[in-house]
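*Asks:* One structure, pasted below without further comment.
Every number here is computed from the coordinates shown, using simple stated rules; none is lab data. All values derive from a computational prediction rather than experimental measurement. Every residue, glycine as well, gets a Cβ built from its backbone with ideal geometry; the counts of neighbours run over all protein chains shown.
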Amino acid sequence: MQKIVKTIIFLIFLFILSIFFIGLNRDTNYNTANQINKEIPDFKVSYLDKENFFIKNDLRKNNFTLINFWASWCAPCRIEHPILIRLSEEKNIKIVGVNFKDKKEQAKKFLGELGNPYDVSTKDTSGKQSVLFGIYGIPESILIDKQLIVIKKFVGPLSVNDLNYIKEIIK
Amino acid sequence: MISNFGNLLLFISVVLSLSIIYLSNKNLKLNGNQITKNIFQLSLIQSTIVIICFFTLIAAFIVSDFSLITVYQNSHSMKPILYKITGTWGNHEGSLMLWVIILTIFSFLFLIYNKNHPKKFRLLTLIIQNILILGFLFFIIINSNPFSPLSPIPKEGLGLNPILQDPALAIHPPLLYIGFVGSSIYFSAAIASLISNYSEKNFASSIKNWILISWSFQTLGILVGSIWAYYELGWGGFWFWDPVENASLLPWFAMTALFHSIIVFEKRNLFYFWVIILCLMTFILSVTGTFLVRSGILNSVHTFASDPTRGIYILSFLSLMIFGSVFLLFKKYKTENYNLNQNSKETFVLVNNWFMMFYLVTVLLGTIYPIFTDALSQNKISVGPPFYNAIIFPVVVIFLIFMAIGPNASWIKNKFDNIKLYFLILLGAILINLMIILFFKNFSVLSNFIIISALFLILSSLKDFVISKKKNNLNLARIIAHASFGFLVLFIGLNHVFSIEKDYNMKIGEIKKFDNYSIEFKNLELKNFTNYQAVVGEFEILKEKDRNILKPEIRIYSNPKTLTYEASIKTSFIKDYYLTMSNIDRSDYYNIKFQEKPLMIWIWLSVIMIVIGGLLRFLKNAKNS
């Protein structure tokens, strides 16, 4: 009997530690490279301000859409913000912001302070919906066309080169 | 230059640790109960070298020596001197130096303060402690070296995160570290006790003061962290169930269970293995917490630049500690026959331990569950305050009642002869609660229960004070600690029930009114400080005849370029006014969040009193021994 208990305790510790180990390397869990040229997944996020939902089909009316994942606690998001503001002046593209694992007030403060480039502001408080897009760190942005096919995925803050690239595509 | 010097000191520390282990091992084989002098000397030199090493790093921060990567990444020449110094432990590498300092100082002090314990036990404790020290020294040298050089030398540093530039955060890490790194010493002592079969009551007296010291500092550290979160994070709360807060709470539960059960062990020679398990658990949980927040596996305020190799190192170290101690424990474990009377002090202490384990498991599960689901199902979930509030608070009610009656139970066999008195106290508590409802406002059923049980604990402690003073067997430490815990829960409860929160968009000159309050936005000023600019708002809060001016700020730090919102807080004995302000883009409106938080200062004071209780017990123990 005692032996069984001891084995179980040992196994429990082994289990926890292995999970920690897997957790450490979890970034590889989400391989996002294969999403390009595929249709984006079904998703459902709520608006930042309202209680109703924004879904995949809402994107069909835009010629091009950039879905940008951001949070107020994310420093690189501040860096890319001016780029987004510049992009928001383009007519042929809409920007959808997904506020990732954030507090609403903090998010609003952030936009109040740096400007709001988003045509639609949504939130993903639990981070679940973003996972569907293979988001594993923010900021990340996904450029899609009218058919909702992923053209490019930008991992990390958008740069001026990225901005020019997008402008070129949506021309 | 400074890099070489620092590395040399780290290297010497490694050599000293190895020498101490070697000499202690040699000394173990000699007869007699004397420990050779050179072990003491080496241990003293070791602490000194580590301290010098730390001061070298502080010096590098003070003179802004950007030839060190750590200084470059976490400091800036324009930073006030205080924050240059505290920046030393405000980052991953420097804080690990603080770990090693506490490990070595505790190692040395344990050696000199436990002279009347068997030599084998003391030497083994020293050896184990030095193995831990070596583990951390290697960690520092291999992948967290604060003395890593940077070339070419940058002209300016990146600066310390402004929200960390704060007096509370300057002392928060050292306090907390004395707590959870301090627990290493009874981890080592527990292993030594298992190996050397030193399982008598005396073992308890060798570690109980260390438990009290680490517990008191841990409590203070958590308090300071909470106060900081309260005024700096700008949400008006003081506990967010953030993984990092939980990480500090987990060893705290284990320590609290430990210093209660050690009383039974010392008095009745019971629970030896349970005490050992708790000793091992406390430090293992401390290291687990460090792993969780440092490896980047969880997102939190304390996640420093995450580097997977660091995670792997701490995880390997943690695994070794867990499997080593579990293996040893299983080897030595003998079934203990407790045969306790159900109504006895021993049972009540066990009940305390059950509660602590319940809280510990709840918080542990909530903290690591997201990692599990993420790793196993790639499902990201986050466990937030609703989970903890739903599970922890109802149980607090019963816990407080046990806390009130437990301490008066007698050893071995107890008889309650004052049930009537307790009944009266309960009645009193209910009455006070009713009065609060009558004069102020109604609140939820659970809040009622929590407030009644808190009052019950406070009144019972008061009764204990009066009675034991008459009988001349006053246990002041316990009464203060328990009563203060009652007050803490009471004030948190009242604070929760009576808080007011209002959100407005206002521009200069505007007045907002609600109930009998009025808020006037009087003025806005731009001020320049050495390392930041501030937009300072001036607001007048008027409630009947009570007039207060609050000045919340928006600060723009230049290095690193960051914006922070500084809450303006007016504290009084009855309530805090709490005001934050943030600007709204392209408009002259500002978003204002006003909160009235009753009895805040009493929440802090209750925690301080709990710590005083712990320290009083420590002083009493120290005097007796």
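*Asks:* For chain B, what's the relative contact order in percent, using C-alpha pairs closer than 8 Å and at least 6 residues apart?
*Replies:* Averaging sequence separation for qualifying contacts and normalising by length gives 11 percent for chain B.
*Asks:* Next question. Which whole-Hz ³J(HN,Hα) couplings does region B:522-530 yield from phi under the Karplus relation 6.51 cos²θ - 1.76 cosθ + 1.60, θ = phi - 60°, glycine and proline marked x?
*Replies:* Along region B:522-530, the couplings run 8, 7, 9, 10, 10, 10, 10, 10, 4 Hz.
*Asks:* Amide H to amide H under 5 Å from B:D576: which residues, 5+ apart in sequence or cross-chain, H placed 1.01 Å off N in plane?
*Replies:* B:K597, B:L599, B:M600
*Asks:* 7 Å from Cα along Cα→Cβ at both B:W239 and B:I398: what's the point-to-point distance in nm?
*Replies:* Distance between the two pseudo-spin positions: 1.9 nm.
*Asks:* Taking square-rooted eigenvalues a ≥ b ≥ c of the alpha carbon gyration tensor, is region B:1-161 rounded, prolate or oblate, where a/c under 1.5 means rounded and, failing that, a/b exceeding b/c means prolate?
*Replies:* prolate
*Asks:* Rank these for me by crowding, B:T282, B:T367, B:T335, B:T36, going from fewest to most other beta carbons within 10 Å.
*Replies:* Listed from fewest to most nearby Cβ atoms, that is B:T335, B:T36, B:T367, B:T282.
*Asks:* Within region B:341-355, whose backbone N sits under 15 Å from a point 7 Å along Cα→Cβ of B:K413?
*Replies:* Under cut-off, by backbone N: B:341-346.
*Asks:* Just subtract the alpha-carbon distance of B:K545 and B:L150 from 0.36 nm times their residue separation and send over the number in nm, one decimal.
*Replies:* Result: 136.2 nm gained on full extension.
*Asks:* Taking R0 as 56 Å, what's the FRET efficiency between A:V155 and A:V5 from their Cβ-Cβ distance, rounded to 0.05?
*Replies:* Here the calculated transfer efficiency is 0.75.
*Asks:* Let me ask another. Pairs of alpha-carbon atoms within less than 8 angstrom and 6+ residues apart define the contacts here; what relative contact order does region A:34-170 have, in percent?
*Replies:* 35 percent
*Asks:* On average, how much area does the Cα convex hull of the protein assembly as shown cover when viewed from any direction, in nm²?
*Replies:* 38.0 nm²
*Asks:* Could you work out how far apart the two model spin labels at B:K502 and B:A168 are, taking each label as a point 7 Å from the Cα in the direction of the beta carbon, and quote it in nm?
*Replies:* For B:K502 paired with B:A168, the spin-label model returns 2.5 nm.
*Asks:* Let me ask something else about it. When only DSSP loop residues count, what trypsin sites (Lys or Arg not before Pro) in region B:516-578 have their Cβ near at most 11 other Cβ atoms within 10 Å?
*Replies:* B:K545
*Asks:* Where in region B:1-64 are there trypsin sites (Lys or Arg not before Pro) that are in a DSSP coil and have at most 13 other Cβ atoms within 10 angstrom of their Cβ?
*Replies:* B:K29
*Asks:* So what is the relative contact order for region B:1-161, in percent, with contacts set as C-alpha pairs under 8 Å and at least six apart?
*Replies:* RCO, region B:1-161: 38 percent.
*Asks:* Once phi is turned into ³J(HN,Hα) by the Karplus curve 6.51 cos²θ - 1.76 cosθ + 1.60 with θ = phi - 60°, what whole-Hz value does each residue of region A:109-116 show in order, with x for glycine and proline?
*Replies:* Per residue, the Karplus-derived 3J(HN,Hα) values read 4, 4, 5, x, 7, 9, x, 10 Hz.
*Asks:* Between B:F387 and B:L476, what is the spin-label point distance in nm, taking each point 7 Å from the Cα along the Cα→C-beta axis?
*Replies:* 4.4 nm
*Asks:* Now a separate question. Between their Cα atoms, which of A:K123/A:K167; A:K91/B:K522; A:K123/B:K507; B:K29/B:K267 are more than 31 Å away from each other?
*Replies:* A:K91/B:K522; B:K29/B:K267
*Asks:* Of the GluC sites (Glu not before Pro) in region B:441-549, which ones lie in a loop per DSSP and count no more than 12 other C-beta atoms within 10 Å?
*Replies:* B:E544
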